[in-house]
Each structure stands twice: as structure tokens, then as C-alpha cells.
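Engineer: A single structure is presented below for examination.
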Amino acid sequence: MEQWVGIPSSHELISSGVFRNPEYEDCPFYTIELEWNQKGEPELDEDGLVNVQTIRAILDACTGRMISFYWHDHHREVKQPEVEMTDALYEKLYPQVLGWISRLDLQIEPAELRLVRKSLTGGIYRLSYLRHSQGIPLADYQTLEIKLNQDFELLHINCVWDECTFAPNEALIPPEVFIRQLDSRQLSLSYIGLLASRHPYYICREDVYDAVTGEIICTDQPGLIEQIDRETTLPQRNQTIRILHQPIFTADYDVLRLEEGVTEADPYAPHVFFNHISDDDVAKAKDIAVSYLKQYQDGNVVEFAFFRKEGREVVESMRGNQVVVEIQRMVHGIPVLGAGIRLVIDHTSWEVKNVVDTFIFKNESTKLDLKLLLAPEITADSAWEQLKDKPMLKLQYRFAPAPSPLETKRAVLTYALDCDWICDALTGELTKLE
């Protein structure tokens, strides 16, 4: 660190350690976290915030590469307006950015940098980059954020830039051929709570396909797991539920710290934030959710169901030895978007710590009465005739699933459907979403 950024002699190291990544399968699996403060200064200021003299750095514990670096001396900066940087100034700064990339050994190919922000705040230069290859953006989160002062000294950097190979831009299905293959099966029917409309709408799912093979990679289509029977007499689904109304974000970050002197760690070791969820746990959580519905929710008009969504299960582990189960509201057998209910359950006692009802929050402005929602009158085929010319294709790179998270990632070319239009399922009228 001294060689990279030159920690001032006025500062001393006040904290250090190796930590497990708080997310289960995110890289890097382990990080080295370092913190310095000016000698004699308290860790917190009079407002209870991090002392402005504090310097913080995070390194990949396996490679030693910098992930982030930050001076907390931000008070001067926030009082100044942020203005767009001129192209001439950016051209002057760009070699300095490349210099820091080289100095910190960040393994970034300059050709993969896609500038998305260049600004000036007082005497601080801020540059933000995303990642692309051959002019094609990478959809997965990859970023380089860097701040320099007028002497081009490093004030802040955040780098998420995984080692990966990019598939060649060749043998793609022509976009016009791909679009012609779509039909009404691309549509989903939903009520959209934010529109405050009593009508259901046909929505073109923005699915992602392999641009070479046409194989679907990910979809917005939720899979119905179970239509909930609120009349069930099963005793496990008729429990008395008490909601504790306790905070749900209660995970102590320091439990991720490894013991002093550890030089090897298993990336597949059980994660302290995410307990294993067994099939019995899933069944138990769903039973509690149904019991909650019968006790707290009116089911005269509204139906309820368990859905599996892309990248998410009905029941999942949550930080702080918790389990979360999600319920979806439906009317006329149609999902109501923005109307889910999440129960957060203690994984040991199986008590309901809290309930997050999205519909209550979002409905404060829309005042949508679910009892007044109308059934659809036109078919998906009719709606597709209205919508079939609206979807667009976005060519993007995406990381392909890998057998092991330790392997070098491979970015493949994909087509992501993009459609801003929806079709009213009663009138057939099209609406463009802004």
C-alpha cells in the first residue's frame, strides 16, 4: 500500500483483517480490509460519522489486487457543485487513469473501458467506466470508478473487473430473423400496480437469448409453484402466527473476519450469513406463510400463490440466521405486480420476525382497490398483433454460467429483448412506458 498510494506518515494502521465476502458466491471470496487514521484522532467525529482523516482500502486476499481505496475527507467535495468535465480536460486526465491502472496492476485492458461519467467537483476529478468489448457492452456489473485531485493523486477507486474471455463477434443469428421467430408466447399478463389501472396488461417479457444458438439464457417469466389453498384444514397450515416486528437486517459484519494468521481458506466453506435451507425448511416456511395469510389477509377477492422467479426461489436463506418466504397476490388468476408479501422468519425459533408487504407501501400513492380489478377481454394472440413490431434487440455480452466460480469467466454474446410498450387486455390500446 505504501508503494501504491503513499499512506501519509501522519497516519497509523488502526484496523486490519481478512474477511469472507458478505455475498455467498460473489468474487473475490475473501478480502483484506485495512484502515488508517491520523495519529491521535478518534475513529468517529462529533456527528458519529467516520473521521474525515480515515483512509480505507480493500484488497483481493488471493491476488493482492486493489478493489477499493477511499479517503473519507469528503466534506469539501460535497459543498461544491458537480459539473461536466470538458473533453479537453478528459484527454489530459486519461493517461493518468491508465497510469493508475498499471501502478495498481488492475488487469484492465484499456480497450474495454467505456466512459459513462466525467465530472469535476471543486478540485476533484471523477471518472466512471463500465466494460465493453468490440464496442458491445457487458451487461453484468463491471465498473471502474476513480477520483483524483489536481495533482493526480488517488483519492478514491472502486474496481470490479473480473478476469474473463470474450466470445468472438461472429456467426450470430441475424436480428431480423430472430425477431420473426417470436410470437404471443412472449407475452405475460399482469396487473401493474404503479399504473393505478383496473385493467390487466399484456407485457412483452424482456428475456435474454444466446445470440448464436437462440437458446434462452434467462427469463422474466415466473414459474407457478403452488396456488395457495386458504381453505386447507392441514394443522401445519393453521398455526397461530405472532409477528414480532423486529429489525430484519441484523447481521454482525465482524463475524466474517477470519482468525488471525490464516493463510488458506475454502471458498466453498459454509457461509455464516447464509444457512443451508433443506427441503423440510422450505415446507415449514411455506406452512408458516399460509398460516399467516389465513390469519392476517382477506382472501375473498385476492388469491395468493408461490412463484419461482429467475435467480430467486420461493424460500431463501437471509443474513442473520433468517429465512425469507415470498407470496404473490393474484386477481382473476393474474399476478399483481408490486404486490408481493415477504415474511422474514428466524431460522432457529421459526418465529415471524417481520412482514414486508410491498403493496401497502406502493399503494399509498396509487390507491388501487384490488376488489375492483377487471378481467381480460382480449387474447394474447390479439395483443401480439398490436405489439409484434415493438420489441427491439440489444446485443450484449453476459457472463456464461460456469461449473466453478473459481474458473475464469467467459462472456458470451446475447440478445436481450427490450420493449417499452404494453397492451391493455380490455381495450387493446397500447401504452408506452417512460
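Engineer: How would you classify segment 2-165 from its alpha-carbon gyration tensor, with a ≥ b ≥ c the square roots of the eigenvalues: rounded for a/c under 1.5, else prolate if a/b is greater than b/c, otherwise oblate?
Structural biologist: oblate
Engineer: What does the charge dipole of segment 166-434 about its Cα centre add up to, to the nearest 20 debye, if the Cβ of each Lys and Arg holds +1 and the Cβ of each Asp and Glu holds -1?
Structural biologist: Dipole magnitude for segment 166-434 comes out near 580 debye.
Engineer: Can you give the charge dipole size of segment 257-350 about its Cα centre, rounded to the nearest 20 debye, using +1 on the beta carbon of Lys and Arg and -1 on the beta carbon of Asp and Glu?
Structural biologist: That gives a dipole near 520 debye.
Engineer: Of 92, 394, 353, which has the largest mean-square fluctuation in a 10 Å C-alpha GNM of the chain?
Structural biologist: With Cα springs under 10 Å in the chain, the top fluctuation among 92, 394, 353 is at 92.
Engineer: Taking the dipole about the Cα centre of the chain, with the C-beta of Lys and Arg at +1 and of Asp and Glu at -1, give me whichever of 67, 129, 255 is farthest to the positive side.
Structural biologist: It is 129, whose Cα lies furthest towards the positive end.
Engineer: Using +1 at the C-beta of Lys and Arg and -1 at the C-beta of Asp and Glu, which of 155, 171, 190 has the Cα lying farthest in the positive direction of the dipole of segment 153-201?
Structural biologist: Toward the positive end, the furthest listed residue is 190.
Engineer: In degrees between 0 and 90, to the nearest 10, how far off the longest principal axis of the chain does helix 279-296 point, with axes built from Cα atoms?
Structural biologist: 60 degrees
Engineer: Quick check on segment 158-279: what are the equivalent-ellipsoid semi-axes from the Cα gyration tensor, as sqrt(5λ), descending, whole Å?
Structural biologist: 38, 34, 16
Engineer: Pairs of lysine in segment 166-434 with Cα under 25 Å and at least 8 positions apart or on different chains: total?
Structural biologist: Final tally of qualifying lysine pairs is 27.
Engineer: Can you grab the distance from the C-alpha centre of segment 224-283 to the C-alpha centre of segment 348-418, Å, no decimals?
Structural biologist: With segment 224-283 and segment 348-418 each reduced to a Cα centre, they are spaced 24 Å.
Engineer: Angle check, please: helix 87-103 long axis (alpha carbons) against the longest principal axis of the chain (alpha carbons), in degrees 0 to 90, nearest 10.
Structural biologist: It works out to around 80 degrees.
Engineer: Right, another one. Which lysines have a Cα lying under 18 Å from the Cα of residue 92, excluding residues fewer than 8 positions away in the same chain?
Structural biologist: Partners found: 118, 147.
Engineer: Toward the positive end of the charge dipole of segment 166-434, about the Cα centre and with charges on Cβ (Lys, Arg +1; Asp, Glu -1), which of 378, 399, 273 goes farthest?
Structural biologist: Toward the positive end, the furthest listed residue is 378.
Engineer: Something else now. Can you grab the distance from the C-alpha centre of segment 5-60 to the C-alpha centre of segment 178-222, Å, no decimals?
Structural biologist: Between the Cα centre of segment 5-60 and that of segment 178-222, the gap is 44 Å.
Engineer: Can I ask one more? Given H placed on each backbone N at 1.01 Å, which residues far from residue 206 in sequence or on other chains put an amide H within less than 5 Å of it?
Structural biologist: 220
Engineer: Loop sites only, by DSSP: take the chymotrypsin sites (Phe, Trp or Tyr not before Pro) in the chain that have at most 15 other C-beta atoms within 10 Å and name the longest stretch containing none of them.
Structural biologist: Maximal segment without exposed cleavage sites: 25-140.
Engineer: In the calculated pair distance distribution of the chain, what percentage of Cα-Cα distances lie above 27 Å?
Structural biologist: The answer is 67 percent, as a whole percent.
Engineer: For the chain, modelled as a Gaussian network with Cα springs under 10 Å, which listed residue fluctuates most, 223, 261, 99?
Structural biologist: Sorting by GNM fluctuation, first place goes to 261.
Engineer: Would segment 293-341 count as rounded, prolate or oblate if I go by the C-alpha gyration tensor, calling it rounded below 1.5 in a/c and otherwise prolate when a/b exceeds b/c, oblate otherwise?
Structural biologist: oblate
Engineer: Further question on the same structure: Report the charge-dipole magnitude of segment 2-165 in Debye, nearest 20, computed about the Cα centre from +1 at each Lys and Arg Cβ and -1 at each Asp and Glu Cβ.
Structural biologist: 440 debye
Engineer: Moving on. Which Cys residues of the chain have no other Cys beta carbon under 4.7 Å away?
Structural biologist: Result for the chain is 27, 62, 159, 164, 218, 423, no neighbouring Cys Cβ within the cutoff.
FYI, it's all coordinate maths here, none of it is from the lab. Since the structure is predicted, the reported quantities are computational estimates derived from the model, not experimental observations. Methodologically, a virtual Cβ is constructed for each residue, glycine included, from the backbone with ideal geometry; neighbour enumeration extends over all protein chains shown.
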